[in-house]
Amino acid sequence: MSEAGSDLEVIVETGARLHFGLLAFGQQHGRQFGGVGAMIDGVGFRLAVSPAESLQVVDRSETGSWSPRIESTVARYVAAESLTAPPPCRIEVIAAPRPHTGLGSGTQLGLAVAAALDRYRGCPVRDIEELAAVSGRGQRSAVGAHGFVQGGLLFEEGKLPGEMLSPLAERVALPDEWRFVLFSRDAVEGQSGTAEQESFARLPPISGEVTARLRSEIVESMLPAARQGDRAAFGESLDRYGSTAGACFAAAQGGVYASAESARLVERLRTAGVVGVGQSSWGPTIFALAANAGEAETIVELVEREAAKDTSLAVWRTSLVSVRNHGALIESRSPTTLKTTS
């Protein structure tokens, strides 16, 4: 690979990741972390990399908070490639989610930057194991990493000592008409970085019996329901899996969910008959599965009515997103060509 830039403009558009819960941590033997999750549209990144005299990072997203992460990923990339300087380019964040909301945004950004730099330098985009290594992602869960290149519902059983990235056990395309309603809270973030590491250090290990129960739920119920497009059975499996996995984090977050507000929202949704409700990763994002766009709108209207009676529910902002059954889109533009890969 050369150190020079190019006359290319590269556009990368990613999805976001819902994580339904880990399979294992703290055990002395066997695979660690693992789990299951799904990729969604509408809350991912859109980056543009274009020629410049030297590295420039511009963040035009709503939060304007992503520049340090991009600079850190570029530094890792430069070191991995033994370059004398960063590729001369302008990296612009056109759209981005809020950070630390349980949507795996750090992984999507890191992989997107590394993939964009590969393409900008005129090189093939490396495979996901190498992308994860050069960007420093996938150290625990690999759902978002595999989702970056494939989309869909993703199941990975965890990583063994010495493995860079947990291998993908199975991937299933979800029905295109399914929707997720996302509930988020302004100015509230989930655990990340040092706080997350400290929480894992304090948490009691997940027992082998619980890991086996979680794995059985995925293999015997969740994956078959996804293959059959059985929304009711899939949602019921999500509820069981999320409750069991969330309980393993109670010592760090005070219960199955990240806050009393989260628990109250989940309870209201389930009492109203909504099936397939849970927390993504450390939260605060809560999701609810819907069979189609109309059902998703009904769920939103339900919460709005409940919030009129209970102001504690008014803290939640809602958004409707589609499932994403494909990986990141990478476009290369030059004066005479346009090439797209996914």
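Quick notes on this structure:
- Note on segment 123-166: residues that are assigned to a loop (DSSP other than H, G, I, E, B), over 12 Å from the mean Cα position of the chain (by Cα) and hydroxyl-bearing (Ser, Thr, Tyr) amount to 1.
- Lone unmet requirement of (1) touching a Gly at 6+ places or on another chain (Cβ under 6 Å); (2) surrounded by 23 or more Cβ atoms within 10 Å (Cβ to Cβ) for Ala38: (1)
- Matching residues, segment 316-329, being touching a helix residue (DSSP H, G or I) at 6+ places or on another chain (Cβ under 6 Å), outside any loop (DSSP other than H, G, I, E, B) and among the aliphatic types (A, V, I, L, M): Leu320
- Considered as a group, the residues in segment 56-80 that are in a loop (DSSP other than H, G, I, E, B) and crowded, with 18+ Cβ neighbours inside 10 Å include one that is farthest from the chain's Cα centre (by Cα), and that residue is Ser61.
- Among the candidates Val256, Val266, residue that is over 17 Å from Gly37 (Cα atoms), among the aliphatic types (A, V, I, L, M) and either assigned to a helix (DSSP H, G or I) or modelled with pLDDT of 95 or more (or both): Val266
- A search for C-beta distances below 9 Å between a residue of segment 58-70 that is among the aliphatic types (A, V, I, L, M) and any residue that is surrounded by 13 or more Cβ atoms within 10 Å (Cβ to Cβ) and part of a helix (DSSP H, G or I), counting only pairs 6+ apart in sequence or on different chains, returns Val58/Ser67; Ile70/Leu109; Ile70/Gly110; Ile70/Val113.
- Here segment 327-341 is the region considered, the condition is being of a type in the set (Ser, Thr, Tyr) and either within 26 Å of Ile40 (Cα to Cα) or surrounded by fewer than 10 Cβ atoms within 10 Å (Cβ to Cβ) (or both), and the residue that is modelled with the highest pLDDT is Ser332.
- With respect to being at pLDDT 95 or above, surrounded by fewer than 17 Cβ atoms within 10 Å (Cβ to Cβ), over 25 Å from the mean Cα position of the chain (by Cα) and over 19 Å from Thr14 (Cβ atoms), Thr298 fits the description.
Yes/no per residue for (1) touching a Ser or Thr at 6+ places or on another chain (Cβ under 6 Å); (2) over 26 Å from Val323 (Cα atoms); (3) aliphatic (A, V, I, L, M):
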| position | (1), (2), (3) |
| --- | --- |
| Arg215 | no, no, no |
| Ile218 | no, no, yes |
| Arg227 | no, no, no |
| Asp239 | no, no, no |
| Gly255 | no, yes, no |
| Ala260 | no, yes, yes |
| Arg270 | no, no, no |
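- The combined condition, being charged (D, E, K, R), in contact with a Leu (Cβ under 8 Å, 6 or more places away or on another chain) and surrounded by 21 or more Cβ atoms within 10 Å (Cβ to Cβ), is fulfilled by Arg137.
- Of everything in segment 269-283 that is of a type in the set (A, V, I, L, M, F, W, C) and assigned to a loop (DSSP other than H, G, I, E, B), the residue that is surrounded by the fewest Cβ atoms within 10 Å (Cβ to Cβ) is Ala272.
- Total residues in segment 167-185, condition more than 27 Å from Leu265 (Cβ to Cβ) and outside any loop (DSSP other than H, G, I, E, B): 5
- Where a residue in segment 284-308 is assigned to a loop (DSSP other than H, G, I, E, B) and its partner, wherever it lies, is of a type in the set (Lys, Arg), with Cβ under 6 Å and at least six apart: Pro284/Arg185; Ala291/Arg231
- For Val93, the conditions (1) crowded, with 20+ Cβ neighbours inside 10 Å; (2) more than 20 Å from Val78 (Cβ to Cβ); (3) among the hydrophobic types (A, V, I, L, M, F, W, C) all hold with the exception of (2).
- In this structure, Gly106 does not qualify as of a type in the set (Gly, Ala, Ser), within 30 Å of Asp7 (Cβ to Cβ) and outside any loop (DSSP other than H, G, I, E, B).
The values are calculated or read from the model by the stated rules, or taken from the named source; none is laboratory data. Small disclaimer: the values here were computed from a predicted structure and weren't measured. Note: ideal-geometry Cβ built from the backbone for every residue, glycine included; neighbour counts use all protein chains shown.
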